[in-house]
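Report on the structure given below.
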Amino acid sequence: MDFELTDEHRRIQETARKFARSELEPIAARLDRTGDQTAFTANLKKIARTGLMGFNIQGEYGGNQAGMVALSLALTEFGRACASTAAAAAINNLVCEVIQSIGSDEQKKVHIPRMCSGEYTAGSFALTEAEAGSNPAALSTSAVLEGRQWILNGSKRFITSAPYADILLVWAVTDALAPKGRGISCFLVEAGVKGLKVGAAMQKMGQQGSATSEVIFEDCRIPKEALMGKLNDGFRAAVGGLSSGRVGVGSLTLGIGLAAMDYATRYAHGRIQAEQRITDFQAIQWMIADAYTELEAGRLLLLQAAWKADRGGPFVKEAAMAKLYTTEAANRACYAAVQMMGGSGYSREFPVERYARDVRITSIYEGTSEIQRMIIAREVLKGVESSLNAGS
C-alpha cells in the first residue's frame with residue numbers, strides 16, 4: 001500500500017492548514033468564551049469560498065470532487081485550530097453528501113451549489129431525539145401527507161448549527177405500523193418555514209463556538225416534493241451518512257489531539273525543574289511517546305477508511321474503528337497534555353484547557369464509543385458467519 005499523499009492531497013492539506021492558522025486559530029479562544037455567531041458563521045462562509053467544502057460532491061453541483069481522504073486531511077487541520085468550526089464544516093459536507101446521494105435532481109441543483117459556495121451558511125443533520133440517540137430507529141417525529149403537503153410534528157435534540165442553518169435534513173416516521181427503522185423517511189426542510197422552531201443554543205462543556213440546539217416541529221407544513229429519496233427508506237440513508245460522518249469526526253478529533261500535544265510538548269521542553277528540562281524526565285517522555293504513537297495509529301485508521309470510501313467499497317467497519325480509536329486516543333492525549341503542563345494546563349490562559357473540553361464530546365456524538373464497538377463486533381461476526389457458511 002502506498003502511504004504517500006498525492007499532489008492534490010498535499011495541496012488541499014496545505015491550503016486548509018494556512019486557512020486554519022490565519023482565520024480559525026486567532027479567534028478560537030474568543031469563540032469559546034463568547035460564542036460569537038457572527039464571526040463563527042463568517043468563517044464557515046470563508047471555508048466555502050476557499051474551496052474547502054463539498055469534498056465528495058460532483059463538480060456540476062459546485063463540489064471540489066477531492067474525495068474522503070482530502071476531507072479527512074482538511075478537517076484535521078481545522079480541528080487543530082478550532083474544533084467548533086471543524087465540527088460545523090464536517091456536518092456541512094455530510095449534508096451535501098446525503099442530498100447528492102438521495103435527493104431529487106431539483107434538490108441537488110438548488111441546494112448543493114449554495115452549500116458549496118457559501119451562499120448558505122450551514123446545513124443541519126436533524127436525526128437525534130430524546131429517546132432516539134444511539135438507537136435512531138426508535139425516533140418518534142412524524143410526517144403525515146395531507147394533500148400536497150407533509151405535516152411534521154416532533155422534536156430533535158443536540159442539532160449542530162441549527163440556529164443558523166439554511167436547510168435541515170430531517171428524519172421522521174411516515175409509516176407508524178412498519179417495523180422499527182423501516183417506516184422512516186428523510187425530508188429537506190428550509191429554514192424559516194412556519195411551524196419550525198429552533199431553541200436557544202445549549203450551554204455546553206466544550207465546542208462552545210458551534211451552536212447546538214433543540215429543533216421543534218409543530219404542524220410544520222412542507223411541500224410534498226421535500227421528501228428525499230424513497231418513501232419509508234430514509235433510515236438506510238441515515239446509517240450510510242453516519243459512516244462518512246464518523247470519518248469526519250475522527251479527523252477533526254485527531255487535529256484536537258495533535259494541537260494539545262504539540263502545545264504541551266513545546267511548553268514542557270522549555271520548562272525547567274531541578275535544573276533540567278522536564279522533557280528530560282522519563283515520565284514526560286513516555287507521555288509524549290504514547291500520545292503521538294496513538295494519534296499516528298488513529299491517523300492511519302482514518303486514512304484507511306477514507307481510502308476505502310473513495311474507491312466505493314464498504315467502509316462501515318473501518319469508519320467505526322477509526323472513530324472509536326481516534327476519539328479515545330485524542331481524549332487521552334488531551335488529558336496527558338494537561339498533566340504535562342501541570343497547573344498551567346488547567347488555566348484558561350493556555351489553549352490546552354480548551355482542547356480538553358472540546359475533545360470530550362467526540363467519543364459521544366456521531367455514535368458513542370460503545371456503539372462503535374457494537375458496529376465493529378457486528379461486522380466482524382458477519383465475516384465469521386459468512387466464512388462458516390462457505391465452508392459448510
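Since Gly234 meets every condition but one in (1) buried (at least 22 other Cβ atoms within 10 Å of the Cβ); (2) within 21 Å of Lys109 (Cα to Cα); (3) at pLDDT 95 or above, which condition does it not meet?
(3)
Kindly provide the set of residues from the stretch 33-82 that are of a type outside the set (S, T, N, Q) and on the phi > 0 side of the Ramachandran plot, ordered by number.
Gly35, Gly51, Gly54, Gly62, Gly67
Before we move on, is Ser124 hydroxyl-bearing (Ser, Thr, Tyr), within 22 Å of Ser363 (Cβ to Cβ) and assigned to a strand (DSSP E or B)?
Working: hydroxyl-bearing (Ser, Thr, Tyr): yes; within 22 Å of Ser363 (Cβ to Cβ): yes; assigned to a strand (DSSP E or B): yes.
It is true that Ser124 is hydroxyl-bearing (Ser, Thr, Tyr), within 22 Å of Ser363 (Cβ to Cβ) and assigned to a strand (DSSP E or B).
Check every one of the helices (runs of 4 or more DSSP H) wholly within the stretch 1-100 and list those with 3 or more residues that are within 19 Å of the chain's Cα centre (by Cα) and farther than 21 Å from Gly257 by Cα.
Ranges flagged: 37-49.
Six or more apart or on different chains, Cβ under 8 Å: which pairs go from a residue in the stretch 210-231 that's more than 30 Å from Ala39 (Cα to Cα) to one that's part of a helix (DSSP H, G or I) and acidic (Asp, Glu)? Could you list them?
Glu225/Glu106
List, please: which pairs have Cβ atoms under 6 Å, are six or more places apart or on different chains, and start with a residue in the stretch 21-45 that is touching a residue at least 12 places away in the same chain (Cβ under 8 Å) and end with one that is basic (Lys, Arg) and buried (at least 17 other Cβ atoms within 10 Å of the Cβ)?
Listed pairs, sorted by first residue: Asp32/Arg354.
Would you point out which residue out of Ala291, Ala305 is closer than 13 Å to Gly257 by Cα and buried (at least 23 other Cβ atoms within 10 Å of the Cβ)? Full working, then the answer.
On the way: Ala305 fails: closer than 13 Å to Gly257 by Cα.
Every option except Ala291 fails the conditions.
The values are calculated or read from the model by the stated rules, or taken from the named source; none is laboratory data. Worth saying up front: this structure is predicted, and the values here are computed from it rather than measured. As a convention, Cβ positions derive from the backbone with ideal geometry for all residues, glycine included, and neighbour counts pool all protein chains shown.
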